[in-house]
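One structure is given below, encoded as structure tokens.
The values are calculated or read from the model by the stated rules, or taken from the named source; none is laboratory data. Computed from a predicted structure; not experimentally measured. No Cβ is skipped: glycine too gets one built from the backbone with ideal geometry, and neighbour counts run over all protein chains shown.
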Amino acid sequence: MFTNNFDPVAFELFFISIRWYSLAYIFGIIFGWIYCKKILIKSNTIQKLFDDYISYLIVGIIIGGRLGYVVFYNFPYFLNNPIEIFMIWNGGMSFHGGLIGIILSTYFFAKKNNQNIYIFLDFVSIVAPIGIFLGRISNFINGELVGKVTNSNWGVIFPSYDDKLRHPSQLYEAFLEGVILFILINLIHFNKNTKVGTCSFMFLILYGCFRIISEFFREPDIQIGYLFGYISMGTILSLFMIIAGGMIFLKNKNEI
């Protein structure tokens, strides 16, 4: 048994509190950027474009992640409190919304530069698990997105939530959606027979499957609960990811 008494604030700089969750975003982008530039990207053209692409990516992640949370997870509340949509420092980001933001920003960037969108989405798919891993670790530190009650020896008490022993579902997700997904997508990428776009649809399918597994151990969002029986919003959105991945494969199977 472990009691999570971690401080969500990593450190304070003058009067500003720097939280672990913010650092997860920052270092996830930095590590992913370095990995792409130093190891993955072989084309000089893509190398030159990639720095500009990162700016599009950051905008897509922030806007998409926030609007995804607003629409998918707490729409009635934000409908009555629209000014709070802009208060992202109060928390509330959606992975699936961020994913949509990434896809849209990548589409506009690729079209603007006359490039194949899947080239950039493949790179994002390969490095995204780095940011996901850091994000889930910060969720654990923050004592948020807690797991269901358990009697297991590895259960954790989150005092900021309640005094019950719970699954450390954030760590399960960090392992599945971070470590395992990173390994699998990289193995796919470095296979000499892999074609452009394969990493993109495989990321959608694999992440969707891993997230659904994790949802079995995770408490649903309080403001939503379960939508259908024991089906959470995260499960439904992940099912759409799997379907989208399958559709991309079928649509482009002759090229991919």
In the range 6-41, residues that are modelled with pLDDT under 95 and farther than 25 Å from Gly143 by Cβ total 1
Whether any residue in the range 63-70 is under 15 Å from Ile29 (Cα atoms) and either out of contact with any Phe, Trp or Tyr (no Cβ under 6 Å at 6 or more places or on another chain) or without any contact (Cβ under 8 Å) to a residue 24 or more places away in the chain (or both) is what I want to check. yes
I'd like to check something: does the range 9-20 contain any residue that is buried (at least 18 other Cβ atoms within 10 Å of the Cβ) and over 28 Å from Asp221 (Cα atoms)? no
Go through the range 172-201 residue by residue and tally those that are part of a helix (DSSP H, G or I) and free of Cβ contacts under 8 Å to residues at least 12 places away in the same chain. 3
Just to verify a result, which residue in the range 131-170, among those that are surrounded by fewer than 21 Cβ atoms within 10 Å (Cβ to Cβ), out of contact with any strand residue (DSSP E or B) (no Cβ under 7 Å at 6 or more places or on another chain) and of a type in the set (A, V, I, L, M, F, W, C), is modelled with the lowest pLDDT? Trp154
Quick one: count up the residues across the range 218-256 that are under 19 Å from Phe78 (Cβ atoms) and either assigned to a helix (DSSP H, G or I) or aliphatic (A, V, I, L, M) (or both). 6
Of all residues in the range 171-200, count the ones that are more than 19 Å from Ile248 (Cβ to Cβ) and surrounded by 12 or more Cβ atoms within 10 Å (Cβ to Cβ). 12
Could you check, for the range 86-104, whether at least one of its residues is more than 14 Å from the chain's Cα centre (by Cα) and crowded, with 16+ Cβ neighbours inside 10 Å? no
